[in-house]
Amino acid sequence: MSEPSNNVTLTIDGKAVTVAKGTNVLEAAKSLGIDISAFCYHPGLSIAACCRQCLVSVEKNPKLQPSCQQTVAEGMVVHTTDKQSTLARKQQLEFTLVNHPIDCPICDKAGECTLQKLYFDHDNANSRVDTPKVHKDKVVDIGPHIVLDQERCILCTRCIRTCDEVAHSHQLDMANRGDHEVLTTAPGEQLDNPYSLNTVDVCPVGALTAKDFRFTMRAWELDATPSICNGCATGCNIEIHHRNERAWRLVPRLNAEVNKYWMCDEGRFTYHELHEQRLAGPTLDGLPATWERALKAAGDRLGAIKDTGAIAVVLSATASNEDNFALAKLALAWKAQVYVGAKPPVPSRADDILRDADVNPNSAGVAAIAAALSITPKTTTELETNLGTGAIRALVVLGHDLPLAETARGRLKELDALIVIATHERGPAELASIALPMAAWAERAGTITNRQGKVQRMHGAFPGPGQAVPGWEAVARLANATGQKLSWTAAREVFKDMTAAVPAWKELAWTRDVRPFALRFAGSRG
Amino acid sequence: MADLKTLVLGRKDVADLDEETELPHELMTVNMGPSHPAMHGTVRIILTVDGEKVVKSDVQPGYLHRCFEKESEYATYTQIFPYTDRLNYVSPMINNVGYAMAVEKLLGLTGKLPARAEYIRVIVSEVSRITDHMTCVGASAMELGAFGPFLFLLKCREWLYELLEKVSGARLTHSYVRVGGVAKDLPDGWTDELLYTLSQIDPVLVEVEGLLNNNKIFFDRMNGIGRMTREEAIKWGQTGPIARACGLDYDVRKDHPYSVYPELEFDVPVGTRGDCLDRYLVRVEEIKQSMRILRQAIAKLPDGPIMVDDHRVALPPKRDTYNTIESMIRHFKHIMDGIRVPAGEGYTFVEGGNGELGFFVVSDGTGRPYKCYVRSPSFVHLQTSGNLIHGHFIADVVPIFGMINMIGGECDK
């Protein structure tokens, strides 16, 4: 006797489709390529069925059904293009637009607005109503990051559900009724949860706009490149929206196993770092230098002490797997001492949603690489001690995150060579005798490993500043300057060598580089 | 072994030449173009000449390649109109119309345009055809030393350009036609101005014909030069004045009627010998026929809208755009995302200044074409030029090329 099947077969617009039990009609239609219009439905949120935009006719059912709420049943026959449901969609859009302000030219959502998209696809007719529009508050400051425009709101409640279900805090609510109904903050609350900016993403119109992004750049002028958030060990999948060789915002990208549809506000702001205090060219003894001069000096200074075991190398939990692997290989060749630099954990930011106490994006990756190469990295305390005793005469640091006690920091200046490969002119990079510029996470291809041990691929959105090169390339140049041959020409090759060396990553394959995608041609998103 | 002729005269028969064998030293290679005053547009011909005679030629187009087809894939359907202007830049209106018709075919709008829009399209197309032929005839005459007709014809062309400028705002790059109609209505009194201009052109044509047709030098340099038979014309895919000069009675406006051409009376001139003189005569007659069409079209020009009433393609009136959210969104979507054309593919062709001008558009249902191919007559005509100039003198290259009327923008796309 066979098990009762977990699948249901139904017919939508004459096409049979088999989906899992419990799926709603909207998702079943989507799997057939039929895009049913909807405002309030979001696959990551609970069902509200309040926008009435996704009505479809179901045979043997006298009234239209909201397809987001209607779960599939065996033998169900659904029509999405019949007269009744087409008219319902059309009229619902006409109704939604009755009080919508004529804001498109000044609205940040224009170009990626669901209301624009659905109107153009499903209605595209003039209104039959000419009553004056109901006016509501236009610029309502509802939190540190977000501004609300109540007139633009179409009352879909997606943002309320996002706060409730993603951030687990009820900070938004509806007030009043009928055409006076408005979105507002819940009594005594502000929209200040650490996931508040997700409400801007889910908002189908321009009611909620991010203070960080509004009035900076039109959505249709941006290009999108997939990447991974480097804000913490979670590794949320994101898209970098960029133009003119700089990032303008970060938005989450769906990854059901990591971050679903969401990311935290702090992560969204990490792109500001890409444009601040950058190290754009090599420096030698505090003065700008060419790569050739800096590398020659590095070769000379390291050459004298190369075989004494007095060279120490600091890997970075903020740099990519490729960068760390390259430097670890070099450390093995030099028989150098190995340490790991990282930002100190921030326990207060940890929650069981997305945010992790470990604010380094690649702690797991560094650990895996070190283990695979049979390196046991020493702690920073040991580094401080060894700096004090003089056991270290030259230090090669990847990244600028190396928190040290004040005395140890003073000792750095007394080293024969302090070579720092860094993105920013901060921390040890400020003290470096030789600083080599490195491309930051948004500027080069690479992988990082999140807290789940998932190796995630990043793509370069735009070139790094000045003469910055990817970290692995800086390491390779340094290696060649000291007589060690590390010859890679692309991150892909480092990755290949790395996956061959790390047993857990044996099966991984490098994916093709993605070219930036013009949002203008993405159709409206919502 | 070298035969006697080679030894004595140091010369081979032309037929003996092939690319691998070394050329006898008497043969000379001459570059004509790419920037030669008598080469219409920019095209380079590497001529191998035996004295004054052309024995071999290598025609190299591509100096004006602007990626029309690839650029179109990154522009909305409306944004492509300016690109089409720059195909045959002597008659941009016809390109506009041809492209618009291809998109309209995909949208199922063929034959559904308001009558006024169709008539305006025919009027501006025919004006463009006149300017095209005038340029061709005038420039060719000038290259043969007859500078007067050139000035007379260009004077008329300028009158017409001024009229087109009044319609579209631009002298040359009009971008006047839109999918579903035209951008704006004709200005007040424009048709009267056009009629007056036509009446001014009549005597000029008489004068030009008097200067050229009875001119022995012009006649001798055109007559019997660059002959093509009717069969060759068919074999090489020739259309337009070149094909008609060879006796091929083919005009898209008659044989595959489009727009309101069936309602208008005109004749298709056909040559008998297919030489340069016939091509010239056909063009002059076509100018007259176009003027005949214009006079009828102006008389029949109906009142009414100039844009089809279809929200998929028609921009809302500005007044509505600024005052209703529905029109605002529609305007925004039309401009930013482009008009939404149903998935499919369609080919339409019109009688361009130089011949059959076809547009093949493939849509994937988005606001920009998946592929936009143009069958440009100049490109097809250029392939015969090598054969036509063989055996003629270097000086004959000029009238032959002038009468092929290669337009660089259209040929190189």
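The values are calculated or read from the model by the stated rules, or taken from the named source; none is laboratory data. Everything numeric here is computed off the predicted structure, so don't read it as measured data. When we count neighbours, we look across all protein chains shown, and the Cβ atoms used for this are built from the backbone with ideal geometry, even at glycine.
Only a single criterion out of (1) within 24 Å of A:ARG268 (Cα to Cα); (2) assigned to a loop (DSSP other than H, G, I, E, B) is not satisfied by A:GLY365, namely (2). For region A:148-162, the criterion of a residue being more than 17 Å from A:CYS50 (Cα to Cα) and touching a helix residue (DSSP H, G or I) at 6+ places or on another chain (Cβ under 8 Å) is satisfied by no position. For B:GLY365, the test of being within 12 Å of chain A (Cβ to nearest Cβ) and in contact with a Phe, Trp or Tyr (Cβ under 7 Å, 6 or more places away or on another chain) is failed. Residues in region A:202-225 that are within 18 Å of the chain's Cα centre (by Cα) and of a type in the set (Phe, Trp, Tyr): A:PHE213 alone. In region B:339-357 there is no residue matching the filter, namely being within 14 Å of chain A (Cβ to nearest Cβ), under 22 Å from B:ALA75 (Cβ atoms), small (Gly, Ala, Ser) and in contact (Cβ under 8 Å) with a residue 60 or more places away in the chain. Do you know which of the residues in region A:294-348 that are assigned to a helix (DSSP H, G or I) and aromatic (Phe, Trp, Tyr) is modelled with the highest pLDDT? For region A:294-348, the residue satisfying everything is A:PHE325. Considering each of A:GLY453, A:GLY460, A:GLY464 in turn, give the residue that is at positive phi and in a loop (DSSP other than H, G, I, E, B). Of A:GLY453, A:GLY460, A:GLY464, the one residue that is at positive phi and in a loop (DSSP other than H, G, I, E, B) is A:GLY453. Among the residues of region A:474-489, those identified as touching a residue at least 40 places away in the same chain (Cβ under 8 Å) and either assigned to a loop (DSSP other than H, G, I, E, B) or over 19 Å from A:ALA336 (Cβ atoms) (or both) are A:THR482, A:GLY483, A:GLN484, A:LEU486, A:TRP488. Considering every residue within region A:506-513, establish whether at least one is within 14 Å of chain B (Cβ to nearest Cβ), surrounded by fewer than 16 Cβ atoms within 10 Å (Cβ to Cβ) and not charged (D, E, K, R). Looking through region A:506-513, none of the residues is within 14 Å of chain B (Cβ to nearest Cβ), surrounded by fewer than 16 Cβ atoms within 10 Å (Cβ to Cβ) and not charged (D, E, K, R).
Every listed requirement among (1) of a type outside the set (Asp, Glu); (2) under 29 Å from A:VAL502 (Cβ atoms); (3) modelled with pLDDT under 90 is met by A:HIS424 save one, (3). Kindly indicate whether A:THR96 is within 11 Å of chain B (Cβ to nearest Cβ), without any contact (Cβ under 8 Å) to a residue 60 or more places away in the chain, of a type in the set (S, T, N, Q) and under 29 Å from A:TRP262 (Cα atoms). Here the answer is yes, as A:THR96 does meet what is asked. Scanning region B:250-280 for residues that are under 20 Å from B:ARG221 (Cβ atoms) and in contact (Cβ under 8 Å) with a residue 40 or more places away in the chain yields B:ARG273, B:GLY274, B:ASP275, B:CYS276, B:LEU277, B:ARG279, B:TYR280. Counting only residues that are within 7 Å of chain B (Cβ to nearest Cβ) and either within 15 Å of A:PHE95 (Cα to Cα) or in contact with a Pro (Cβ under 8 Å, 6 or more places away or on another chain) (or both), how many does region A:111-128 have? Within region A:111-128, residues that are within 7 Å of chain B (Cβ to nearest Cβ) and either within 15 Å of A:PHE95 (Cα to Cα) or in contact with a Pro (Cβ under 8 Å, 6 or more places away or on another chain) (or both) number 7. Quick check: is even one residue across region A:68-84 part of a loop (DSSP other than H, G, I, E, B), crowded, with 18+ Cβ neighbours inside 10 Å, in contact with a Gly (Cβ under 9 Å, 6 or more places away or on another chain) and at pLDDT 90 or above? Yes: region A:68-84 contains one or more residues that are part of a loop (DSSP other than H, G, I, E, B), crowded, with 18+ Cβ neighbours inside 10 Å, in contact with a Gly (Cβ under 9 Å, 6 or more places away or on another chain) and at pLDDT 90 or above. Going by the structure shown, is A:THR407 of a type in the set (S, T, N, Q) and out of contact with any helix residue (DSSP H, G or I) (no Cβ under 8 Å at 6 or more places or on another chain)? Answer is no for this residue. With respect to the stated conditions, B:VAL260 fails to be closer than 22 Å to B:VAL177 by Cα and touching a strand residue (DSSP E or B) at 6+ places or on another chain (Cβ under 7 Å). What number of residues within region A:31-59 are at pLDDT below 90 and more than 15 Å from A:ARG158 (Cβ to Cβ)? So the count comes out to 4. Per the conditions (1) surrounded by fewer than 19 Cβ atoms within 10 Å (Cβ to Cβ); (2) away from chain A (no Cβ under 14 Å); (3) under 27 Å from the mean Cα position of the chain (by Cα); (4) over 24 Å from B:ALA233 (Cβ atoms), the sole criterion not satisfied by B:GLY304 is (3). A single entry from B:ARG319, B:ARG330 fulfils the requirement of being facing another protein chain (nearest Cβ under 7 Å) and either at pLDDT 90 or above or surrounded by fewer than 17 Cβ atoms within 10 Å (Cβ to Cβ) (or both): B:ARG330.
The set of residues in region B:51-62 being over 7 Å from B:ASP412 (Cβ atoms), part of a loop (DSSP other than H, G, I, E, B) and either in the same structural domain as B:HIS392 (by TED's automatic domain parsing) or in contact (Cβ under 8 Å) with a residue 60 or more places away in the chain (or both) consists of B:GLU52 alone. In summary, helices (runs of 4 or more DSSP H) completely within region B:134-226 and bearing 1 or more residues that are among the small types (Gly, Ala, Ser) and surrounded by 15 or more Cβ atoms within 10 Å (Cβ to Cβ) occur at B:147-168. Do we have any residue at all in region B:253-264 that's within 18 Å of the chain's Cα centre (by Cα), within 22 Å of B:ARG121 (Cα to Cα) and crowded, with 24+ Cβ neighbours inside 10 Å? No, every residue in region B:253-264 fails to be within 18 Å of the chain's Cα centre (by Cα), within 22 Å of B:ARG121 (Cα to Cα) and crowded, with 24+ Cβ neighbours inside 10 Å. Might you check whether a residue that is touching a residue at least 40 places away in the same chain (Cβ under 8 Å) and more than 30 Å from A:LEU115 (Cβ to Cβ) occurs anywhere in region B:325-336? No, that holds for no residue.
For (1) more than 20 Å from the chain's Cα centre (by Cα); (2) β-branched (Val, Ile, Thr); (3) farther than 29 Å from B:PRO82 by Cα, each residue gets a yes or a no:
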| residue | (1), (2), (3) |
| --- | --- |
| B:VAL208 | yes, yes, yes |
| B:GLU232 | yes, no, yes |
| B:ARG244 | no, no, yes |
| B:ASP249 | no, no, yes |
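It is to be established whether one or more residues within region A:178-187 are more than 14 Å from chain B (Cβ to nearest Cβ), of a type in the set (D, E, K, R) and farther than 30 Å from B:ASP309 by Cβ. Within region A:178-187, one or more residues are more than 14 Å from chain B (Cβ to nearest Cβ), of a type in the set (D, E, K, R) and farther than 30 Å from B:ASP309 by Cβ. Restricting the search to strands (runs of 3 or more DSSP E) fully inside region A:135-233 and requiring at least 2 residues that are over 25 Å from A:SER46 (Cα atoms) gives A:223-228.
Just one of (1) surrounded by 15 or more Cβ atoms within 10 Å (Cβ to Cβ); (2) more than 12 Å from chain B (Cβ to nearest Cβ) fails for A:ILE102. It is (2).
On the basis of being over 30 Å from A:ASN259 (Cα atoms) and touching a residue at least 40 places away in the same chain (Cβ under 8 Å), does A:ALA417 make the cut? Considered against the rule, which asks whether it is over 30 Å from A:ASN259 (Cα atoms) and touching a residue at least 40 places away in the same chain (Cβ under 8 Å), A:ALA417 comes out as yes. Between A:ALA110, A:ALA73, the distinction of being touching a residue at least 60 places away in the same chain (Cβ under 8 Å), assigned by TED's automatic domain parsing to the domain that holds A:VAL205 and not β-branched (Val, Ile, Thr) belongs to A:ALA110 only.
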